[in-house]
Amino acid sequence: MAASLAVIAPAASSQAEVSAQACTSTDWVQGQWYTTGSIVRFEGRYYVAEHDNPGYSPTVSTWYWEPTSCDGGGGGGGGTCTSATDWVAGRQYYTGNIVRYNGSYYIAEHDNPGYDPTVSTWFWEPHNCGGGGGGGGGGSFVVSEAQFNQMFPGRNAFYTYQGFVDAARTIPAFGTTGSDTVKKQEVAAFLANASHETDGLVHIEEINKNNDLCDESQPYGCPAGTYAYYGRGPIQLSWNFNYKAAGDYLGLNLLQNPYQVAQNSTTAWRTAIWYWMTQRGPGSMTPHDAMVTSAGFGQTIRSINGSLECDGRNPAQVQSRVSKYQQITGIIGVTPGGNLYC
């Protein structure tokens, strides 16, 4: 394709200068070569090239493009309010959620059951959509909604992108630890394992619910019934002791009411991230630690289902997880790293 687009490539410019130029850039053109720092307009929004690329769509890969602001916020700050929704009284909000209320934006500083954003600065702070504002968690997520949809084209509508992002922001270390490469690898590894456990984010609950997954030796017993603790959610939370531990960590009474994991998308994602961040399973480290220390994707498999799959027990299942991880890293534009197998 002929080079018809005037490319702005301020290699030596400051981020503030880049943002100031954003609104005068020209429309993105498929197949046009862009260098790091180039700014384009695409579907009414502006994007800055994070790495050289041959005209990839700005909404497909956050490795190559990041949203940028026209008001001097820079560095992706302009995308912080793109997922904001109108505040609704009584709706559960989590730390990092951004809402629109009476023409202004607010970011949740703490989880809350839908308190008025103007009543309590403990729960809400005014938020600047240009990248400022009070508190973390409002920045762009390492996986875009377009990428998420590409990863799971046939997923159950229950597993929403917004539910995933909201859940991630309640556990701040998830997908935010280490370099940009490590952050993307961790989220890719999590989604690959979730995909495997749910057949592509299709199943919300375990198909076979006829197993007694109640450890009655626990002092708290099984108040929901001995057959109530079957697998639910992206990593299929199972057993009464896991529901108890996850509920204690997340501030939810999952032991008494395990059914809520299959009734709320954000809750389901939160239980899976809880396991990812805190549990070793049959492995020697949490899946989170495996990814942020470069132990590798194989160790996440070991921590989730190593006793049944690793060390040659079920190589086909291991390969299924690895293949999905490689597909997802390809979508978000990051190397999968080493040590993929267990």
_Estimated FRET transfer efficiency when R0 is 45 angstrom, pair Thr118-Ala173 (beta carbons, to 0.05)_ = 0.90
*Exactly which chymotrypsin sites (Phe, Trp or Tyr not before Pro) in the stretch 183-238 are in a DSSP loop and have at most 15 other Cβ atoms within 10 Å?*
Tyr220, Tyr227
*Run the numbers on the stretch 191-275 and let me know its relative contact order in percent, using alpha-carbon pairs under 8 Å that are six or more apart.*
26 percent
*Using a Förster distance of 45 angstrom, determine the FRET efficiency expected from the C-beta separation of Asp215 and Gln30, and round it to 0.05.*
0.20
_Heavy atoms of His51: accessible area, 1.4 Å probe, square angstrom to 10_ = 70 Å²
_When a/c reaches 1.5 or more, the comparison of a/b and b/c decides; with that in mind, is the stretch 227-292 rounded, prolate or oblate per its Cα gyration tensor?_
prolate
*Please give the net charge around Thr170, taking every other residue with its beta carbon less than 14 angstrom from that of Thr170, where Lys and Arg add +1 and Asp and Glu add -1.*
-1
*asked:* Just to verify a number: FRET efficiency for Gln319 and Gln260, C-beta to C-beta distance, R0 = 30 Å, to 0.05?
replied: 0.30
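The values are calculated or read from the model by the stated rules, or taken from the named source; none is laboratory data. Since the model is a prediction, treat every value here as computed from it, not as a measurement. No Cβ is skipped: glycine too gets one built from the backbone with ideal geometry, and neighbour counts run over all protein chains shown. SASA here: full protein model, heavy atoms, side chains in, ligands and nucleic acids out. Shrake-Rupley method; radii C 1.70, N 1.55, O 1.52, S 1.80 Å.
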